[in-house]
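The values are calculated or read from the model by the stated rules, or taken from the named source; none is laboratory data. Quick caveat, the model's predicted, so the values are computed rather than measured. Methodologically, a virtual Cβ is constructed for each residue, glycine included, from the backbone with ideal geometry; neighbour enumeration extends over all protein chains shown.
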Amino acid sequence: MVKLQTEKKESFKKAIYENYHSAGRKFPWRETADPYEILVSEIMLQQTQTERVVPKYNNWLAAFPSPADLAAADLALVLKYWVGLGYNRRARFLHETAKIIQQEYGGIFPSDPEKLDALPGIGPYTARAVSTFAFGLPNVFIETNIRSVFIFFFFQDSETVSDREILELVEETLDAGNPREWYYALMDYGALLKKKIQNPNRKSRHYTKQSKFEGSLRQARGEIIRYLSSNTSGSLDDIASDSGLPYERIEKAALALLGETLVAEEEGIYRIY
């Protein structure tokens, strides 16, 4: 376990909090302690920039204000409100989670991160983030902005920093009395760093560069979901023509979506599953 000198620890916390109190970001999910609303934001924020998430988040909660509303909705409608965010499996996971919350938990989210982790599409980070932001529990977790902060402050001379090393410092510096605000402050400092210097996460052992969207299978998958959400059903020819993408790429993406049971096909006509 890494041990920081008290002076260095306090200096670090002061820098993080000073930035947060003077330039902290405002987001609608930071104005609530509702675990459902926080979970929606966390799932949307996976692989998606905050600027794109805010309007989608507001529209989603207007359409599905509670897990009961989401659980009762058809998947086709759910995906319609997800169009534009990408990685459509995330919407299905939210839909499935809402059903489990209604059926097994009586509509009440558990605060235990282990129970949250067992829900569809929720991994260790998301489970601990929801537990902390909704219930104020001092869980130890890491995400991209938090990783950037600790690499910048404590690993300037390293090139392959492991998350295990960082998590030890996250645990040691955690503000257990106010973990929600502390993690928001860390995230905001990390976001600031990425605007001012080269991404510190390049020094992480776990760093991977996201593949280009244009020309990718992800783009084709998104076009299929977008088309079927708006038109109920259609052939691959229809979708390829509407999207302007090559038929072969649309066909490959459709096969992947069929395998994930996000879409169904009958006699060449596709629809949301």
Only one of (1) within 17 Å of the chain's Cα centre (by Cα); (2) assigned to a helix (DSSP H, G or I) fails for Gly86. Which number is that? (2)
Count of residues meeting criterion [hydroxyl-bearing (Ser, Thr, Tyr), surrounded by 16 or more Cβ atoms within 10 Å (Cβ to Cβ) and part of a helix (DSSP H, G or I)] in region 37-83: 3
All conditions in (1) part of a loop (DSSP other than H, G, I, E, B); (2) within 29 Å of Arg128 (Cβ to Cβ); (3) not acidic (Asp, Glu) are true of Lys194 except (1)
Has region 155-169 got any residue that is touching a Leu at 6+ places or on another chain (Cβ under 9 Å), in the same structural domain as Gln198 (by TED's automatic domain parsing), under 30 Å from Arg202 (Cα atoms) and buried (at least 20 other Cβ atoms within 10 Å of the Cβ)? yes
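Residue-wise test of (1) buried (at least 19 other Cβ atoms within 10 Å of the Cβ); (2) assigned by TED's automatic domain parsing to the domain that holds Arg89.
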| residue | (1), (2) |
| --- | --- |
| Lys99 | no, yes |
| Ile108 | no, yes |
| Pro113 | yes, yes |
| Pro124 | no, yes |
| Val130 | yes, yes |
| Ser148 | yes, no |
Can you pull out the helices (runs of 4 or more DSSP H) entirely within region 208-265 that have at least 3 residues that are surrounded by 12 or more Cβ atoms within 10 Å (Cβ to Cβ), touching a Cys at 6+ places or on another chain (Cβ under 7 Å) and in contact (Cβ under 8 Å) with a residue 40 or more places away in the chain? none
